[in-house]
Amino acid sequence: MALRIGIIGMPNVGKSTLFNALTRSKGALAGNYPFCTIDPNVGIVNVPDERLQALAKIVHPQKILPASIEFVDIAGLVKGASKGEGLGNKFLGAIREVDALCHIVRAFDDENVIHVDGSVDAKRDKDTIETELMLADLDSIESRIDKTKSLARSGDKEKIAELALCEKFHTALSEGDMANTVALTDGEKIVERQLQLLTSKPIIYAANISEGDLGTANLEAIRSSIGLGDNEQLILVSAKIEEDLQDLSAEEAADMLQELGVTSSGLSKLIEAAHRALGYITYFTAGVQEVRAWNILKGYTAPQAAGVIHTDFEKGFIRAETIAYQDFIDNNGEQGAKEVGKMIAQGKDYIVADGDVMHFRFNV
């Protein structure tokens, strides 16, 4: 399954420039004026994973297929977006369609790049965006409460539970807390997904800094300046550097990053953060036709993992023949792992581990 990450932020913070760099395209207009992006731009990016190449060296497949992430460049939000300012309703609707948010905040000074509020203030920008998202959620929750109250009075247990959850979210949002800060039971999480709240989505913060600061910037100092807590995910990127990297070979890009004093690109850091935020892991299938990586949620059973390939695999699941990644490498592939007892037949209750190399048996 392709993860969908929405890139959000104030106008002119570097969203479209970063999107173009991440997707190696010129698909998003990156102009020096507010709302140069109106309709969301979408790009699919392969997830870099060194394990794929290691598997391919053993299997010699016809194709190597990495997992993918879909980035959605959403136009800049401004104060009043929840009430429709700056085409806000359209932009907020695009946010509902993604799995997680990458909130770009501007942490560089450049008098040639205008700011919609006239000055650079990362914390103010962050608060503006989050306030608009919370106000939109508050409107949505109030509407849901009005619709649910009468049904709950009839004694419908599901509606009683839904009303209680809506009221819990209403309290949090009214106090300035986003929905993703509310502790939920497993049952409440199922109901929460139906509400489609904007602030319930995992958020990764990306501070867009100047290229000259990339190797020396203090992560914790920037975290403090934005007003982020210790548990909130923050990565440092330079949209300008990412833009330069897209035109280089892998070797040239690695050399450039080394010269800048950093070990990985913004894309790699963002993908790692997205996997952590969403709780995703990767498993592999490895055969002569293809070696392929698959994204699944941590905690998926073997049948659920099979269903990511095709729903028939899950419906007709018999068993999964599973080899841990390192066992596959250490024993030079499936046959070697099988000979030393490292290929294990797993049933319907098996919880897939990150890096598992899997072959599914199923009835059509």
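The values are calculated or read from the model by the stated rules, or taken from the named source; none is laboratory data. Owing to the predicted nature of the structure, the values given are computational and were not obtained by experimental measurement. Backbone-built Cβ (ideal geometry, glycine too); neighbour counts: all protein chains shown.
Structure summary
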{"read-out": "Tally of residues being basic (K, R) and within 14 Å of V13 (Cβ to Cβ) across segment 186-245", "value": "1"}
{"read-out": "Test result for E162, farther than 27 Å from D127 by Cβ, over 21 Å from the mean Cα position of the chain (by Cα) and not hydrophobic (A, V, I, L, M, F, W, C)", "value": "yes"}
{"read-out": "Pairs with Cβ under 6 Å, 6+ apart, first in segment 316-340 and in contact (Cβ under 8 Å) with a residue 12 or more places away in the chain, second loosely packed, with under 13 Cβ neighbours inside 10 Å and part of a strand (DSSP E or B)", "value": "R319/A345; E321/A345"}
{"read-out": "Residue check for A293: part of a strand (DSSP E or B), crowded, with 19+ Cβ neighbours inside 10 Å and out of contact with any His (no Cβ under 9 Å at 6 or more places or on another chain)", "value": "yes"}
{"read-out": "Selection from segment 227-284 of residues that are surrounded by fewer than 17 Cβ atoms within 10 Å (Cβ to Cβ), under 16 Å from the mean Cα position of the chain (by Cα), without any contact (Cβ under 8 Å) to a residue 40 or more places away in the chain and closer than 29 Å to K63 by Cβ", "value": "E272, G279"}
{"read-out": "Condition met for A353 (surrounded by fewer than 17 Cβ atoms within 10 Å (Cβ to Cβ), out of contact with any helix residue (DSSP H, G or I) (no Cβ under 7 Å at 6 or more places or on another chain), modelled with pLDDT of 95 or more and closer than 18 Å to L52 by Cα)", "value": "yes"}
{"read-out": "Members of segment 164-184 that are outside any loop (DSSP other than H, G, I, E, B) and more than 17 Å from Q196 (Cβ to Cβ)", "value": "A164, E167, T171, S174, T181"}
{"read-out": "Single residue of F317, F362 found to be at pLDDT below 95, more than 20 Å from A67 (Cβ to Cβ) and of a type outside the set (D, E, K, R)", "value": "F362"}
{"read-out": "Conditions (1) surrounded by fewer than 19 Cβ atoms within 10 Å (Cβ to Cβ); (2) of a type outside the set (S, T, Y); (3) within 23 Å of G279 (Cα to Cα); (4) under 28 Å from the mean Cα position of the chain (by Cα): number failed by Q346", "value": "(4)"}
